[in-house]
Amino acid sequence: MVSAMLHRYRQTSGCADPRDGIRAATAVTPELISDVIAQNGIRLPAPHSPQAARLQRLIAAEAWTDVALALIEIALPAWKLVRLVADDGEWCCALSRHWQVPDWLDDAVEARHEVLPLAILAAFADAHQVSRPAGLRSVPALWPRARETFDPVCCDNFR
């Protein structure tokens, strides 16, 4: 059942921004996790891989904080949890690609929520939004006038 839920990609109605559903939620549910995966276009590992099995066990155990951390590990391996603070009844979660850099130089993504796993999921959704490429091109685009100056050449060695 959990396996079917993880691979059920559906669009939810009512939320234009995938982060709105997380911010409006009061508790984590398997459906919310499914929506986060679907709305962010996350590619899950193969169903029989160790990562997928671990994620399924965590969801079945309702270990929502661990599920949120596992999603970061699977979908955004370059991002690390750098700060998790409880402040005035809210959890503040910060994720960064440059965790070795001092806070004042870092471009960390921060999110707040009253529920710990939802704060992590909100930061995850924000980081995923920042990491998403502007277009879905497999090859970087050249600026408009570059075609007059440069000719694209394939430099791969196919021996």
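Within region 47-61, which residues are touching a residue at least 40 places away in the same chain (Cβ under 8 Å) and touching a Leu at 6+ places or on another chain (Cβ under 9 Å)? Walk me through it before giving the result.
In the first step, residues of region 47-61 are kept if they are touching a residue at least 40 places away in the same chain (Cβ under 8 Å); the result is 47, 52, 55-56, 59-60.
Residues satisfying the conditions are P47, A52, L55, Q56, I59.
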Residue pairs qualifying under the 7 Å Cβ cut-off, at least six apart or on distinct chains, with the first in region 20-41 being modelled with pLDDT of 90 or more and part of a loop (DSSP other than H, G, I, E, B) and the second being surrounded by 19 or more Cβ atoms within 10 Å (Cβ to Cβ) and among the aromatic types (F, W, Y), are V28/W64
Taking region 85-128 only, how many residues are over 21 Å from V67 (Cα atoms) and of a type in the set (F, W, Y)?
-> 2
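Restricting region 62-75 to residues that are in a helix (DSSP H, G or I) and of a type in the set (A, V, I, L, M), which is farthest from the chain's Cα centre (by Cα)? Even if it seems obvious, please write down each step before you answer.
Of the residues in region 62-75, the ones in a helix (DSSP H, G or I) are 64-75.
Checking the rest, the ones that are also of a type in the set (A, V, I, L, M) come to 67-72, 74-75.
On the way: V67: 12, A68: 9, L69: 10, A70: 10, L71: 7, I72: 6, I74: 8, A75: 5 Å.
Filtering region 62-75 for residues that are in a helix (DSSP H, G or I) and of a type in the set (A, V, I, L, M), the one farthest from the chain's Cα centre (by Cα) comes out as V67.
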Failed item, numbered, when A141 is tested on (1) among the hydrophobic types (A, V, I, L, M, F, W, C); (2) touching a Gly at 6+ places or on another chain (Cβ under 9 Å); (3) modelled with pLDDT of 70 or more = (3)
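Filtering region 83-130 down to residues that are among the aromatic types (F, W, Y) and farther than 17 Å from Q39 by Cβ, which residue is surrounded by the fewest Cβ atoms within 10 Å (Cβ to Cβ)?
Residues of region 83-130 among the aromatic types (F, W, Y): 91, 99, 104, 124.
Within this subset, residues satisfying the condition of being farther than 17 Å from Q39 by Cβ are 91, 99, 104.
Working: W91: 20, W99: 15, W104: 5.
Within region 83-130, the match that is surrounded by the fewest Cβ atoms within 10 Å (Cβ to Cβ) is W104.
Yes or no: A53 over 17 Å from the mean Cα position of the chain (by Cα) and either in a loop (DSSP other than H, G, I, E, B) or under 15 Å from A111 (Cβ atoms) (or both)?
Working: over 17 Å from the mean Cα position of the chain (by Cα): yes; either in a loop (DSSP other than H, G, I, E, B) or under 15 Å from A111 (Cβ atoms) (or both): no.
In short, no.
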Residue in region 74-91 that is touching a strand residue (DSSP E or B) at 6+ places or on another chain (Cβ under 9 Å), of a type in the set (D, E, K, R), at pLDDT 85 or above and farther than 15 Å from V109 by Cβ present = yes
Restricting region 43-66 to residues that are surrounded by fewer than 16 Cβ atoms within 10 Å (Cβ to Cβ) and hydrophobic (A, V, I, L, M, F, W, C), the one modelled with the lowest pLDDT turns out to be A46
Odd one out for W64, checked against (1) in contact with a Lys or Arg (Cβ under 9 Å, 6 or more places away or on another chain); (2) in contact (Cβ under 8 Å) with a residue 40 or more places away in the chain | (1)
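The values are calculated or read from the model by the stated rules, or taken from the named source; none is laboratory data. Everything numeric in this text was worked out from a predicted model, so none of it was measured. Note that we place each Cβ from the backbone using ideal geometry, even for glycine, and neighbour counts take in every protein chain shown.
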